[in-house]
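The structure appears right after this line, and notes come after that.
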Amino acid sequence: MGPTYVKFGQVLSTRPDIVPPEYIAALEWLQDDVEPFSFAEVERIVEEELGGRISKIFQTFESTPMAAESLGQVHRAVLREGREVVVKVQRPNVREEVRKELDAITEIAETLEEHTDIGRKMNLRGAIEQAKITLNNE
């Protein structure tokens with residue numbers, strides 16, 4: 001599953017008002033950490049985004065993430081002046097992947113709302129719009 005599907009499943013697993021308990025139980029496993037991506041990718045992304053080498057920007061930067069999730073991962077670091085920070089690094093190409101997946105999910109929601117009673121009752125397009133806001137904020 002791509003990052004959007006994982007995130008959407010995570011959101012649904014916290015919504016007992018719209019999702020039956022047996023589905024919530026099945027979706028809860030998505031709350032667990034996902035596989036981290038390589039530190040080489042972390043270095044490339046951080047250095048590109050911050051415009052400098054990690055060794056010049058940070059006193060220390062832990063190569064092992066403290067957490068990995070569907071959209072990125074988090075690393076402990078210490079800035080040159082000594083302040084401890086956490087650095088959240090987006091997964092490589094995650095923005096484009098999320099956009100494509102949201103387009104596909106939106107099409108499915110529109111089809112379900114147009115052709116099924118349950119689709120209309122659940123306001124799937126509204127849920128997708130809420131998910132888009134959440135994903136864009138993250």
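The values are calculated or read from the model by the stated rules, or taken from the named source; none is laboratory data. Not measured: the values here are computed from a predicted model. Neighbour counts run over all protein chains shown; Cβ positions are idealised from the backbone, glycine included.
Which of the residues that make up the range 86-99 are free of Cβ contacts under 8 Å to residues at least 40 places away in the same chain and assigned to a helix (DSSP H, G or I)? Show your work before the answer.
Narrowing the range 86-99 to residues free of Cβ contacts under 8 Å to residues at least 40 places away in the same chain: 86, 88, 93, 95-96, 99.
Across the range 86-99, the qualifying residues are ARG95, GLU96, ARG99.
Here are GLU28, GLU35, GLU22: which of them is more than 16 Å from ILE105 (Cβ to Cβ), under 18 Å from the mean Cα position of the chain (by Cα) and not in a loop (DSSP other than H, G, I, E, B)? Write out each step before concluding.
Details: GLU35 fails: not in a loop (DSSP other than H, G, I, E, B); GLU22 fails: under 18 Å from the mean Cα position of the chain (by Cα).
Of GLU28, GLU35, GLU22, the one residue that is more than 16 Å from ILE105 (Cβ to Cβ), under 18 Å from the mean Cα position of the chain (by Cα) and not in a loop (DSSP other than H, G, I, E, B) is GLU28.
Among PHE8, PHE37, which is at pLDDT below 85 and among the aromatic types (Phe, Trp, Tyr)? Before the answer, list the steps.
Values: PHE37 fails: at pLDDT below 85.
Within the list PHE8, PHE37, the selection yields PHE8.
Hey, does the range 49-58 have a residue that's part of a loop (DSSP other than H, G, I, E, B), under 21 Å from PHE37 (Cβ atoms), at pLDDT below 95 and not assigned by TED's automatic domain parsing to the domain that holds ALA127?
Within the range 49-58, not a single residue is part of a loop (DSSP other than H, G, I, E, B), under 21 Å from PHE37 (Cβ atoms), at pLDDT below 95 and not assigned by TED's automatic domain parsing to the domain that holds ALA127.
Which of the residues belonging to the range 66-87 are closer than 21 Å to LEU30 by Cα, surrounded by 14 or more Cβ atoms within 10 Å (Cβ to Cβ) and either in the same structural domain as LYS7 (by TED's automatic domain parsing) or of a type in the set (A, V, I, L, M) (or both)?
ALA68, LEU71, VAL74
Of the residues LEU27, LEU112, LEU135, LEU124, only one is closer than 22 Å to VAL11 by Cα, touching a residue at least 60 places away in the same chain (Cβ under 8 Å) and surrounded by 11 or more Cβ atoms within 10 Å (Cβ to Cβ); which?
Numbers: LEU27 fails: touching a residue at least 60 places away in the same chain (Cβ under 8 Å); LEU112 fails: touching a residue at least 60 places away in the same chain (Cβ under 8 Å); LEU124 fails: touching a residue at least 60 places away in the same chain (Cβ under 8 Å).
None of the other options fit; the residue is LEU135.
I'd like the full set of residues that are of a type outside the set (D, E, K, R) and under 24 Å from GLY2 (Cα atoms), limited to the range 35-62. Walk me through how you get there before you give the answer.
Start the filter on the range 35-62 by keeping residues that are of a type outside the set (D, E, K, R), which leaves 36-40, 42, 45-46, 50-52, 54-55, 57-61.
The answer is PRO36, PHE37, SER38, PHE39, ALA40, VAL42, ILE45, VAL46.
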